[in-house]
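Q: Pasting a structure here, questions to come.
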């Protein structure tokens, strides 16, 4: 069924899939009202059974079957690769937009089955908000996996550092602190190996190497942010600088209601680890990058707080990074 300008036609079948760690719920809309549906539950490993069930239940070519699901960490990745290989049209929805769609249609109950039905309806009714999923090239997929492992180990190292501080404050035994020091040392070694592996892979890929060099032309972007942003732009397809800022949680959010005037804050959605590293880059850029420095001084002169100026610096720095990647030109400061 195809939903176009308020009408349905028998051209496309819409399927919603809710993915969790252990199971996968499917829902196929069999009519325009959404009352006639066909559902099925599989283990989150039975990918071939899922494609067999779709082929048997829906008497249409895979290209005519539109499947909508949400990104759920890593649990959805194996399924989307399999469905793509089978020829199905796969759409990975933004969870926030899908949730707004549910609220706008008065959907209050939340179960895995109802979520699958919601995603099927969302895919049928909001095609403009969805883009067909395409797999990453093998080298980008490998880079993404290594980068994910690096971030996990960096989290582990921070936890061990926090434990070390706590043990020192509480006067823990020397055996405990020695153990923590040993673990931090092992983590540091593996973190450095992963960083080197990522850098080597970037150097071997012409496109990634060029992007790495272009980002290095921006004052305030050091080796850490070069690596992170090369990986980010490799695995995410952004069309505008605003999309990058929104993904990183750098869009201003204003709270106002009637006479209540709240302060403007950053949305802080997206990866917090990347936002934290970008914060440090913005601090450096506020001192050494002429465009960022000029903007910071202007905002402070207008009475903005230092944190507000830093938030704006983070956003502008991301915009500059997107610009050099999109235009494939080194950074040229505009401020004189």
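Q: Using 7 Å Cα-to-Cβ label points, what is the residue 20/residue 328 separation (nm, one decimal)?
A: With each label placed 7 Å out from Cα toward Cβ, I get 4.7 nm.
Q: Something else: Apply 1/(1 + (r/R0)^6) to the Cβ-Cβ distance of residue 158 and residue 307, taking R0 = 35 Å, and write down the FRET efficiency to the nearest 0.05.
A: Here the calculated transfer efficiency is 0.95.
Q: Over segment 2-129, with a single point scatterer placed on each C-alpha, what log10 of the ratio I(q)/I(0) does the Debye formula yield at q = 0.22 1/Å?
A: Debye curve over Cα of segment 2-129, log10 I(q)/I(0) at q = 0.22 Å⁻¹: -1.46.
Q: Rounded to the nearest 0.05, what FRET efficiency do residue 176 and residue 61 have when you use their Cβ-Cβ distance and R0 = 56 Å?
A: The calculated FRET efficiency here is 0.35.
Q: Please compute P(r) over all alpha-carbon pairs of segment 141-288, binned at 10 Å starting from zero, and give each bin as a whole-number percent.
A: 10, 29, 30, 19, 10, 2
Q: Give me the extension gain from residue 85 to residue 109: residue separation times 0.36 nm, minus the current Cα-Cα distance, reported in nm with one decimal.
A: So the extension gain works out to 5.3 nm.
Q: Going out from 0 in 10 Å bins, what whole percent of all Cα-Cα distances in segment 138-204 drops into each bin?
A: Going out from 0 Å in 10 Å bins, segment 138-204 shows 20, 39, 23, 13, 4 percent.
Q: Considering Cα pairs under 8 angstrom that are at least six residues apart, work out the relative contact order of the chain and quote it in whole percent.
A: Reported as a whole number, the value is 12 percent.
Q: Which order do 230, 283, 12 fall in if you start with the one that has the fewest other Cβ atoms within 10 Å?
A: Fewest-to-most ranking of 230, 283, 12: 283, 12, 230.
Q: Taking the Cα atoms only, what angle lies between the long axis of helix 272-288 and the longest principal axis of the chain, rounded to 10 degrees?
A: 40
Q: Further, regarding this structure: Could you check which residue among 208, 194, 100 shows the biggest mean-square fluctuation in a GNM of the chain with a 10 Å Cα cutoff?
A: 100
Q: Continuing with this model, one more query. Taking square-rooted eigenvalues a ≥ b ≥ c of the alpha carbon gyration tensor, is segment 84-159 rounded, prolate or oblate, where a/c under 1.5 means rounded and, failing that, a/b exceeding b/c means prolate?
A: It comes out oblate by the Cα gyration axes.
Q: Apply the Kirkwood formula to segment 234-327: the hydrodynamic radius equals the inverse of the mean of 1/r over all pairs of different alpha-carbon atoms; give it in Å with one decimal.
A: Every distinct Cα pair counted, the radius reaches 14.0 Å.
Q: Can you tell me the 0 to 90 degree angle between the C-alpha axis of helix 206-216 and the longest principal axis of the chain, rounded to 10?
A: 40
Q: Mind checking which of 229, 310, 174 has the largest fluctuation in a GNM of the chain, springs on alpha carbons under 10 Å?
A: Top of the fluctuation ranking is 174.
Q: If each of residue 142 and residue 283 carries a label point 7 Å out from its Cα toward its Cβ, how far apart are those two points in nm?
A: Going by the 7 Å Cα→Cβ label model, 3.6 nm.
Q: With axes computed from alpha carbons, what is the tilt in degrees of helix 47-57 against the longest principal axis of the chain, rounded to the nearest 10 within 0 to 90?
A: 30
Q: Taking every DSSP beta bridge with both residues inside the chain, roughly what % is antiparallel (nearest 5)?
A: In the chain, DSSP labels about 70 percent of beta bridges as antiparallel.
Q: Another question, then. When the chain is fully extended, how far beyond the present Cα-Cα distance does residue 207 get from residue 268, taking 0.36 nm per residue of separation?
A: 19.0 nm
Q: Could you list 53, 133 so that the one with the fewest beta carbons within 10 Å of its beta carbon is first and the one with the most is last?
A: The fewest-first ordering by Cβ neighbours comes to 53, 133.
Q: Sticking with this structure for a sec: Pull out the extension gain between residue 46 and residue 188, defined as 0.36 nm times the separation in residues minus the alpha carbon to alpha carbon distance; nm, one decimal.
A: 47.3 nm
Q: Sticking with this one: How big is the Kirkwood radius of the chain, worked out from every pair of different alpha carbons and given in Å to one decimal?
A: 23.2
Q: Here's something else I'd like to know. By count of other Cβ within 10 Å, fewest leading, how are 239, 231 ordered?
A: 239, 231
Bear in mind these aren't lab numbers, they're just calculated from the coordinates by the rules spelled out. Computed from a predicted structure; not experimentally measured. Every residue, glycine among them, receives a Cβ derived from its backbone with ideal geometry; neighbour counts consider all protein chains shown.
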